[in-house]
Each structure stands twice: as C-alpha cells, then as structure tokens.
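Taken together, the values in this text are just the output of simple stated rules run on the coordinates, not laboratory data. Worth saying up front: this structure is predicted, and the values here are computed from it rather than measured. Virtual Cβ from ideal backbone geometry, glycine too; neighbours counted across all protein chains shown.
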Amino acid sequence: MKIKLFPFTFLIFSSLFAQQLKVVTINVWSGLDYIGSFKMGEYESRETREQRYQILINQLKELDPDIIAINEANKLPRYARRIARDM
C-alpha cells in the first residue's frame, strides 16, 4: 500500500512560508452630483476634495496594503495613478 504525503507535506511547507496579503477596498466618492449627461457638477470645493484625498493617503499609508481596490474614483486612471505615486 502506497501512502501519499503530499497534502500533509504541503500544509507543513505552506505554514512555514505563510505570508499575509493585505487588501483594501475603498469607495472614494467621486464628489460629482450626477446631474447632466456630458458634464456634471461638483458637491465640494477643490480644497475640500484635496483635504479628503490627503486623509485617504495618510490612512492608506498607515494600513500599508498590498492591493487597493478603488470604487467611484473620478477620473480614472489619473486618480489611481496619483494614489500609487503618493503611496
């Protein structure tokens, strides 16, 4: 009778080299009023939006995630690139 040790060996090996993966998903709220077809108004001033962005960056730096999923970002891909640059 042949005994297969692969599953047990795999569990030992994976626990020895286990790593964590931090994933953050965030709804950054676009700040748009969604009124209009081609151009939409904004709910907040640029200064308020920038303050919110700086708070977001500080929080993300504190969390130090491996992956960041961004929802309601305005404008993509520019917003995502800015986050990547500022991290």
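Just need a number here: residues in region 45-80 that are basic (Lys, Arg) and under 12 Å from the mean Cα position of the chain (by Cα).
Of the residues in region 45-80, 1 are basic (Lys, Arg) and under 12 Å from the mean Cα position of the chain (by Cα).
Find the residue count for region 47-87, including only residues that are farther than 13 Å from THR25 by Cβ, among the acidic types (Asp, Glu) and either in contact with a helix residue (DSSP H, G or I) (Cβ under 9 Å, 6 or more places away or on another chain) or part of a loop (DSSP other than H, G, I, E, B) (or both).
2
Considering each residue of region 19-49, count those that are in contact with a strand residue (DSSP E or B) (Cβ under 6 Å, 6 or more places away or on another chain), under 15 Å from ALA80 (Cα atoms) and not β-branched (Val, Ile, Thr), and give that number.
Of the residues in that region, 1 qualify.
Which one of these does MET40 not meet: (1) among the aliphatic types (A, V, I, L, M); (2) part of a helix (DSSP H, G or I); (3) more than 13 Å from THR25 (Cα to Cα)?
Condition (2) is where MET40 drops out.
Among the residues of region 71-87 satisfying the criterion of being among the hydrophobic types (A, V, I, L, M, F, W, C) and within 16 Å of LEU32 (Cα to Cα), which is surrounded by the most Cβ atoms within 10 Å (Cβ to Cβ)?
ALA73
Find all pairs meeting these conditions: Cβ atoms under 6 angstrom apart; at least six residues apart or on different chains; first residue within region 29-57 and under 14 Å from LYS75 (Cβ atoms); second residue assigned to a helix (DSSP H, G or I).
What qualifies is GLY31/ARG49.
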